[in-house]
Each structure stands twice: as C-alpha cells, then as structure tokens.
Amino acid sequence: MSAPPTWPFLHWQANGDCHIDIHLVPNAARTHSEGVFDGALKVRLHARPIEGQANAALVAWLASTLGIAKGHIQWVRGQNARRKRLCIGAAVAVNAPWAALLPDQAKTDATKPAGI
C-alpha cells in the first residue's frame, strides 16, 4: 500500500477519512477538473446551480472518477456555496485512485520534486 497523496485540497483525518475541498464552477460546457485553485480542487460542472442539480452532479462525478459508491461521500459544508468540503469514508479513501481527480498536466506537476 502506498502513502496517500498530500495535495493541498486533501485533508486526511485521524480516523482515516479524507476531506476534499472543491471550488465549483457550474454551467460549464463539460464536466472536468482544472487542477488546484486557492487550495481547492477546481471542478467545472455541466450542471446548473438550481435546486441541488450541481451538488448532485458533483457527487456523481466524484464517485464515478474515484470508482466508489455515492454513499461513501458525505457533505461537510458548502452545499450553498462555490467552495465545498466533502468527506470520503476511510473504508474507500485509502484505496481511491486520487490522481484521477487531476487533469493530465496537474498529475505531471504533482509528481515532480519541489524546486523543478
């Protein structure tokens, strides 16, 4: 088992849960992540911020991208804001493919040693 990533938008809890900070941009042409923005994962969603549509789409995208069930994702805060924090349960967080959340260039940058 490898060590979990220490990206600025992931906050590992003592019980093994992982809190993830997300900066959400609704009404995008397609759903995708754009990397790190102000300490959060910037996600553009092809969903409207009306009647919880964007929140539901975010949870569905996150679950699909990480290959986990939506039930393993819980809201911590920010359901009515662009800045959100969600919790991924410890049972699935430790084995989640976290790199799948980052766009290709961000994956490359995240693996480079500091100062390069």
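The values are calculated or read from the model by the stated rules, or taken from the named source; none is laboratory data. Here the structure is a predicted model, which means the values were calculated and not measured. FYI the Cβ positions are ideal-geometry reconstructions off the backbone, even for glycines, and counts take in every protein chain you see.
What the table below lists for this structure:
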item: Matching residues in region 36-64 - criterion: being in a strand (DSSP E or B) and touching a strand residue (DSSP E or B) at 6+ places or on another chain (Cβ under 6 Å); result: Phe37, Ala40, Leu41, Lys42, Val43, Arg44
item: Sole exception among (1) loosely packed, with under 14 Cβ neighbours inside 10 Å; (2) outside any loop (DSSP other than H, G, I, E, B); (3) at pLDDT below 95 for Trp75, by number; result: (3)
item: Residue match in region 13-25 (condition: without any contact (Cβ under 8 Å) to a residue 24 or more places away in the chain, buried (at least 16 other Cβ atoms within 10 Å of the Cβ) and over 11 Å from Leu86 (Cα atoms)); result: no
item: Residue, farthest from the chain's Cα centre (by Cα), within region 78-91, restricted to residues that are more than 13 Å from Lys42 (Cα to Cα) and not in a loop (DSSP other than H, G, I, E, B); result: Ala91
item: In region 38-55, the residues that are surrounded by fewer than 15 Cβ atoms within 10 Å (Cβ to Cβ) and either hydroxyl-bearing (Ser, Thr, Tyr) or at negative phi (or both); result: His46, Arg48, Ile50, Gln53
